[in-house]
Each structure stands twice: as structure tokens, then as C-alpha cells.
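Here's the structure, in C-alpha cells; my notes come after.
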Amino acid sequence: MPDSATATTATAAPAPTGFPGEAVARDDFPLAFTARALEMIKTALAETKGEDGNYLRVGVKGGGCSGFQYSLNFTDEVDDEDVLVVVEGLQIVTDAFSASYLKGTELDHVDTLQGAGFKFNNPNAKRTCGCGSSFSA
């Protein structure tokens, strides 16, 4: 008989048919999401009606004033290097390169006097720019 004190492990939601990469459990994805961020992603996806794609790609690329720049976009272009997590029905992907820089990061959506938008809270960033969209590792 199993011990009732044994912790259960979260399992990955099944990958959509034809997804070439790896589907992981929410706890194994390098990025966490606040409830507000998930709400705004759902709103944006509904507004685009999936015309730009059904996956939210979260990434890091070279550029910006601090060396690296965050990227968010909807896409249908995925490959076997991508990691997928399904959160509240949202299909979110990142590539292996970005995953290493996003590990431990939380994506939030904030409303301030200066405007509203997504904010990356990355504990691994050594320096960030004033606009919050680029960092150095």
C-alpha cells in the first residue's frame, strides 16, 4: 500500500499531435507565470484568433542595450529543440538556448503609471536596462 505522505509528481500534459519537441510538467519548465500574465496571454490569443499561431514562444535573443533581449510572440513554428508546457490550456514553448537563461524567471503582467506590459523577473540577470526588456547574464 502506498505511503500517504509520499509526494505526487506533476506530469506533463500531452503534447499536441505533431509537436516535435519535448512536453514537460509545469514545474520542469524554466519559466513560471503569474495569474495576471496567464490572463493577459489568453486575452491576446483570443484577440488574434490564433492567426499568428497557437503557441506562445518565450525566448531570449542577442540584442538590446544590456546584451540579451526577451521575446514573446505567437507562432506555429516549433522544432525538436523546443520544450513545451501546457498551462491552463495555453501552449507555451521555448528553445534550449533560451531555457538556460530563463531558468527561475517569472513572467508577470504589470500596470504602472508608465504603461502596461509583460515583465520578466529574472533572478539570474546581472544587469537590466531601464525598459526591462533586456538584460545581461
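The C-beta contact set for the range 28-50 (first residue on the phi < 0 side of the Ramachandran plot, second residue outside any helix (DSSP H, G or I) and hydroxyl-bearing (Ser, Thr, Tyr), distance under 8 angstrom, 6+ apart or interchain) comprises PHE29/THR94; PRO30/THR94; PRO30/THR105; LEU31/THR94; LEU31/THR105; ALA32/THR105. Filter the range 99-109 for residues that are out of contact with any helix residue (DSSP H, G or I) (no Cβ under 8 Å at 6 or more places or on another chain) and aliphatic (A, V, I, L, M); which is surrounded by the fewest Cβ atoms within 10 Å (Cβ to Cβ)? Here the residue is ALA99.
Note on the range 110-121: residues that are closer than 18 Å to ARG26 by Cβ and either crowded, with 19+ Cβ neighbours inside 10 Å or small (Gly, Ala, Ser) (or both) amount to 1. Of all residues in the range 88-98, those being surrounded by 19 or more Cβ atoms within 10 Å (Cβ to Cβ) and in a helix (DSSP H, G or I) number 1.
Residues of the range 30-77 that are more than 23 Å from PRO123 (Cβ to Cβ), part of a loop (DSSP other than H, G, I, E, B) and under 14 Å from the mean Cα position of the chain (by Cα): ASN54 alone.
No lab work stands behind these numbers, since they all come straight from the coordinates. Note that the structure is predicted; figures quoted are calculated from it, not measured. Backbone-built Cβ (ideal geometry, glycine too); neighbour counts: all protein chains shown.
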